[in-house]
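What follows is one structure encoded as structure tokens, with my remarks underneath.
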Amino acid sequence: MFWPVPESYCRRLPRPGEPGSFWEDRGDRHHAGVDIYAPGTASVVSIEDATVVAVHEFTSPDLNPYWNVTYSILTRNEQGLYLRYAELGSVCVEAGQKVRAGEVIGTVGSVLALDRIDSTAPLYIQRLKDRGNAAMLHFEMYDRQPRPLPPTLYLGGNYFQQEMPPGLLNPAKYLARAIDNFNDN
Ligand SMILES: [Zn+2]
């Protein structure tokens, strides 16, 4: 197993309740995954051998005027785990392709278009800007293929509901194995 962002600032996930943690309560929405912060040019690699199921646009200014265009990659490993690598600035794989553990599949991206965020932007957007963590990998994990959902239910890595959708998993333990692997090698 490979840690998905070799150049990330640290190999630690946000603790429960911290910004970017799994199922973080964001008021009207919950965070569907975990965020791993890294420099804006950092490569994202496949954690395990897997098949690319789909590549999608993940955010865009059409969905939210304060967003950049970013992409997501959905992969399936041999055990049937579905991993979503999202908020990517670029993607270098396509649907149907097999990828090896450690193979570069894209680069981290920045969802927030910082130059478009001014004092007229919604407060939560301004707060995100002030936090200064612009580039990251947003990572989700499922035990079955996630269904496509309308933006009123799922948008930008958040679910607009209180209860977790079927199949969504907390990726903390899974990613901890990738960290342990790294430390052993
Ligand atoms: Zn996120």
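Results, tabulated for the structure shown:
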read-out	value
Matching residues in region 49-70 - criterion: being assigned to a loop (DSSP other than H, G, I, E, B) and over 22 Å from Q126 (Cβ atoms)	D49
Qualifying residue in region 28-39 (condition: of a type outside the set (S, T, Y), closer than 19 Å to P151 by Cα, touching a helix residue (DSSP H, G or I) at 6+ places or on another chain (Cβ under 9 Å) and modelled with pLDDT under 95)	no
In region 13-48, residue surrounded by the fewest Cβ atoms within 10 Å (Cβ to Cβ) [restricted to those that are more than 15 Å from the ligand (Cβ to nearest atom) and not in a loop (DSSP other than H, G, I, E, B)]	S43
Long-range neighbours under 9 Å by Cβ, at least six apart or interchain, first residue hydrophobic (A, V, I, L, M, F, W, C) within region 113-132, second surrounded by 10 or more Cβ atoms within 10 Å (Cβ to Cβ) and in a helix (DSSP H, G or I)	L114/K129; I117/I125; I117/Q126; I117/L128; I117/K129; A121/K129
Among the candidates T51, T70, residue that is buried (at least 20 other Cβ atoms within 10 Å of the Cβ) and polar (S, T, N, Q)	T70
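The values are calculated or read from the model by the stated rules, or taken from the named source; none is laboratory data. These figures come from a predicted structure and were not determined experimentally. No Cβ is skipped: glycine too gets one built from the backbone with ideal geometry, and neighbour counts run over all protein chains shown.
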